[in-house]
Each structure stands twice: as C-alpha cells, then as structure tokens.
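Asker: The structure under discussion is supplied below as structure tokens; questions concerning it will follow.
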Amino acid sequence: MGMTSDHAERLRAAELRVTRPRIAVLDAVQQHSHADTDTIFGAVRAVLPEVSRQAVYDVLAALTVAGLVRKIQPSGSVARYESRVGDNHHHLVCRSCGTIADVDCAVGAAPCLTPSDPDGFVVDEAEVVYWGLCPDCSAEEFVRSQP
C-alpha cells in the first residue's frame with residue numbers, strides 16, 4: 001500500500017474527508033519529524049503550490065484533534081508536529097541547537113509516571129521532556145572546554 005493510500009485510510013478511519021492538503025500535511029509530518037509549521041508549510045507548498053499558510057494551520061489543527069499527528073511545544077520553542085502518536089513516548093531536547101529526539105516510555109506501561117496526589121484525576125498520559133545536549137553539541141562543548 002502506498003503512502004498516499006495509507007494516509008487516505010487513516011483520514012477515513014478518523015472520519016475526516018480525504019483532501020490533497022490533508023494528505024500532503026500528513027506526508028510532510030511523517031517525513032520531517034518534530035518539524036515546525038514553517039517546515040511543514042514549505043514541504044506542502046513544494047507539492048501543492050496553491051495551498052495557503054492558513055490552510056496548513058487548519059489541517060494541522062484538525063489532524064491534531066483527530067489524533068493523527070501530535071503537537072509538542074517544549075518550553076521556549078515553537079510548536080512542533082510528529083506522526084508518532086498513541087504510544088506515550090517522551091522527548092529529549094538539546095539546549096544548544098534545539099534538536100528533538102524521541103525516547104520511549106520512562107518506565108513501564110502508559111502513563112509511565114504516576115503523580116503522587118492525582119486529586120481525583122484519572123491519569124492516562126504523562127508528558128516528559130528531558131533537557132540536555134545532543135551528541136554533536138556535547139562534543140563541541142567538550143572541545144571548547146579543553147585548554
């Protein structure tokens with residue numbers, strides 16, 4: 001099954017109309033993990049030059065609500081989108097260059113972490129962001145620290 005027909009099937013399963021902009025946005029998010037809206041817009045415009053920025057924003061919002069893409073927004077960062085959904089994974093963010101990488105669940109099954117006092121909430125997901133330096137920036141920092 002091709003990517004386009006897979007995207008169409010996912011849209012139908014989410015009870016969304018299958019449109020070229022929705023297919024193009026799903027494709028862009030899948031090809032550019034943790035991409036910001038500008039990157040996604042550029043990728044969509046490369047295949048559908050007539051699509052407006054607002055249309056891409058609207059599609060991203062609809063796909064996020066439908067659970068077909070996940071929106072993340074680490075502190076101090078613009079919104080990013082990814083196609084890995086429904087598995088309660090977490091993220092590593094480089095403090096230097098902003099690279100974002102996926103990391104599987106911290107421990108055990110979802111929601112991975114249990115709050116000490118949920119105050120009546122039924123917790124079904126935990127969102128954890130680990131901060132540090134990516135391998136490239138870490139190596140660069142090491143080189144700079146050498147006499």
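The values are calculated or read from the model by the stated rules, or taken from the named source; none is laboratory data. Since we're looking at a predicted model, the values are computed, not measured. Note: ideal-geometry Cβ built from the backbone for every residue, glycine included; neighbour counts use all protein chains shown.
Asker: From the list 92, 68, pick out the single residue that is among the hydrophobic types (A, V, I, L, M, F, W, C), in contact (Cβ under 8 Å) with a residue 24 or more places away in the chain and touching a strand residue (DSSP E or B) at 6+ places or on another chain (Cβ under 6 Å).
Answerer: Exactly one of 92, 68 is among the hydrophobic types (A, V, I, L, M, F, W, C), in contact (Cβ under 8 Å) with a residue 24 or more places away in the chain and touching a strand residue (DSSP E or B) at 6+ places or on another chain (Cβ under 6 Å), namely 92.
Asker: I would also like to ask the following. Would the range 101-113 turn up any residue that is exposed (fewer than 14 other Cβ atoms within 10 Å of the Cβ) and of a type in the set (Asp, Glu)?
Answerer: The answer is yes, given that some residue of the range 101-113 is exposed (fewer than 14 other Cβ atoms within 10 Å of the Cβ) and of a type in the set (Asp, Glu).
Asker: Under 8 Å between Cβ atoms, which residue pairs at least 6 apart in sequence (or on different chains) link something in the range 129-147 that is of a type in the set (Val, Ile, Thr) with a partner that is surrounded by fewer than 12 Cβ atoms within 10 Å (Cβ to Cβ)?
Answerer: Final answer for the pair search is 129/75.
Asker: Any idea which of 80, 84 is of a type in the set (D, E, K, R), under 20 Å from residue 60 (Cβ atoms), at pLDDT 90 or above and crowded, with 16+ Cβ neighbours inside 10 Å?
Answerer: The match here is 80.
Asker: Of the conditions (1) assigned to a loop (DSSP other than H, G, I, E, B); (2) among the hydroxyl-bearing types (Ser, Thr, Tyr); (3) more than 30 Å from residue 8 (Cα to Cα), residue 130 fails just one. Which one is it?
Answerer: (1)
Asker: Name, by its number, the condition in (1) under 30 Å from residue 138 (Cα atoms); (2) crowded, with 16+ Cβ neighbours inside 10 Å that does not hold for residue 97.
Answerer: Against the list (1) under 30 Å from residue 138 (Cα atoms); (2) crowded, with 16+ Cβ neighbours inside 10 Å, residue 97 comes up short only on (2).
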